[in-house]
Amino acid sequence: MSPELPSELADLDSTLSGIESVLDLDGKRAEIADLEAQAGKPDLWDDPESAQQVTSRLSRLQAEVRRAEDIRTRLDDVGVLLELAEAEDDADAKAEVEGEVAALRKAIDELEVRTLLSGEYDERDALVTIRSEAGGVDAADWAEMLQRMYLRWAEAHDYSTEIYETSYAEEAGIKSTIFVVHAPFAYGTLSVEQGTHRLVRISPFDNQGRRQTSFAGVEVVPVTEQTDEIEIPDEDLRVDVYRASGPGGQGVNTTDSAVRITHLPSGIVVSCQNERSQLQNKATALNVLQAKLLERQRQEEQAKIDALKGDGGNSWGNQMRSYVLQPYQMVKDLRTDYEVGNPQGVLDGDIDGFLEAGIRWRRSRETQSEAAADA
């Protein structure tokens, strides 16, 4: 057993105490009690939208508090186990302690990252749009690979997802897709994925086996809620209906139920075809449009603040990550320099390291910007 274990446990205890303070667990417990009282009222579901907000907020707070409490319990338990292992000189118990300390370090690091998500919309669900860019059929295939990566990541964390619309390319892959990730802090977590993702590989679509570079763009916006003030006049919208289609142009139903909405002032176009009903697809498409307009409004407000600070836009740049399958194996984030040598694991959804590095990088940039503004 490592002689540093007692000091490691003390460091973990100190770090967790700081995280608990930032999370304000007592304040969250008080809010949980208030929400539980609201949820217990007989007339709660007389207003379904309000009821959904109450129950959703309650569920998220309970999960967040439970997560911190579970880590605290594990940390206390491993301290007791360490004392027993040392007193009895039990090799098996000592090995168990070392394994649990390593697991706790990872869990506390992940919880610490959560404290860095303090943006106005960070707690919300995430609406993810992926579009194929330069690279022809390889880019369309790459866009579909990215969609699978994020869906596998969500699945690994038991987060539910819902695909709103997918536009399939003619030969292979997809032109674009829109899906939502339902999870606590989904937007704050996935927002660091926004930008252009670059793939380098031997193209499976090139009969000469040449290396191909292709690109796909990822956009992440927060899902709108009832309290958001996003009003869209009817005259600003053009609504088109069409027949939904699947891979290779196959029709997925026989009615013109798919809906495409164009926001005329901004040029933003959204569509939805996952529902059977044209009315349901229109409602979903409007929700997507509201989310995109909310994010545009947030970006415009941030640009004004950055201009006042003299920040010069604080842009991350467009291309943010490279996935190289040939001539070597590596995935590297171009902002954080975080990299791994197992691209297949990443493409199978193992992206937590990139998400954590991105969140920490963003927070450091914000801190630097705040310090520069105060100087």
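The values are calculated or read from the model by the stated rules, or taken from the named source; none is laboratory data. Everything numeric here is computed off the predicted structure, so don't read it as measured data. Please note: Cβ atoms are built from the backbone with ideal geometry, for glycine as well, and neighbour counts cover all protein chains shown.
Tell me which strands (runs of 3 or more DSSP E) are completely within the stretch 266-338 and hold 3 or more residues being at pLDDT 80 or above and under 30 Å from Asp352 (Cβ atoms), or say none if there are none.
Fully inside the stretch 266-338 and qualifying: 319-324, 330-333.
Can you tell me which residue within the stretch 207-237, out of those that are within 13 Å of Gln326 (Cβ to Cβ) and loosely packed, with under 13 Cβ neighbours inside 10 Å, is modelled with the lowest pLDDT?
Quick first cut of the stretch 207-237, residues within 13 Å of Gln326 (Cβ to Cβ) only: 209-214.
Add one more test, that the residue is loosely packed, with under 13 Cβ neighbours inside 10 Å, and what stays is 209-210.
On the way: Gly209: 80, Arg210: 88.
Step by step, filter the stretch 207-237, then rank; the result is Gly209.
Would you confirm whether or not the stretch 180-190 contains a residue that is surrounded by fewer than 19 Cβ atoms within 10 Å (Cβ to Cβ) and farther than 18 Å from Met149 by Cα? Talk me through it step by step, then tell me what you get.
Of all residues in the stretch 180-190, those surrounded by fewer than 19 Cβ atoms within 10 Å (Cβ to Cβ) come to 182.
Narrowing further to those that are farther than 18 Å from Met149 by Cα: none.
No.
Select, from Val80, Val65, the only residue that is of a type in the set (Val, Ile, Thr) and in contact (Cβ under 8 Å) with a residue 12 or more places away in the chain.
Just one listed residue meets the conditions, Val65.
Report whether or not Val221 is touching a helix residue (DSSP H, G or I) at 6+ places or on another chain (Cβ under 8 Å) and without any contact (Cβ under 8 Å) to a residue 60 or more places away in the chain.
For Val221, the condition - touching a helix residue (DSSP H, G or I) at 6+ places or on another chain (Cβ under 8 Å) and without any contact (Cβ under 8 Å) to a residue 60 or more places away in the chain - is not met.
Out of everything in the stretch 11-28 that is in contact with a Ser or Thr (Cβ under 7 Å, 6 or more places away or on another chain) and within 16 Å of Ala63 (Cα to Cα), what residue ends up being modelled with the lowest pLDDT?
Across the stretch 11-28, the extreme among qualifying residues is Leu23.
Failed condition for Arg131, given (1) in the same structural domain as Asn318 (by TED's automatic domain parsing); (2) surrounded by fewer than 17 Cβ atoms within 10 Å (Cβ to Cβ), with all others met?
(2)
Across the stretch 134-144, what is the total count of residues that are farther than 19 Å from Asn318 by Cα and crowded, with 20+ Cβ neighbours inside 10 Å?
3
Would it be correct to say that Glu96 is more than 26 Å from Gln194 (Cα to Cα) and touching a Leu at 6+ places or on another chain (Cβ under 8 Å)?
yes
Here's the yes/no breakdown for (1) outside the structural domain of Pro222 (by TED's automatic domain parsing); (2) among the hydrophobic types (A, V, I, L, M, F, W, C):
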residue	(1), (2)
Val78	yes, yes
Val97	yes, yes
Glu100	yes, no
Gln147	no, no
Thr161	no, no
Ser167	no, no
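Being over 16 Å from Leu116 (Cα atoms) and small (Gly, Ala, Ser) is the filter; apply it to the stretch 325-375 and report the residue that is surrounded by the most Cβ atoms within 10 Å (Cβ to Cβ).
My answer is Gly349.
Residues in the stretch 129-167 that are in a strand (DSSP E or B) and over 16 Å from the mean Cα position of the chain (by Cα): how many?
6
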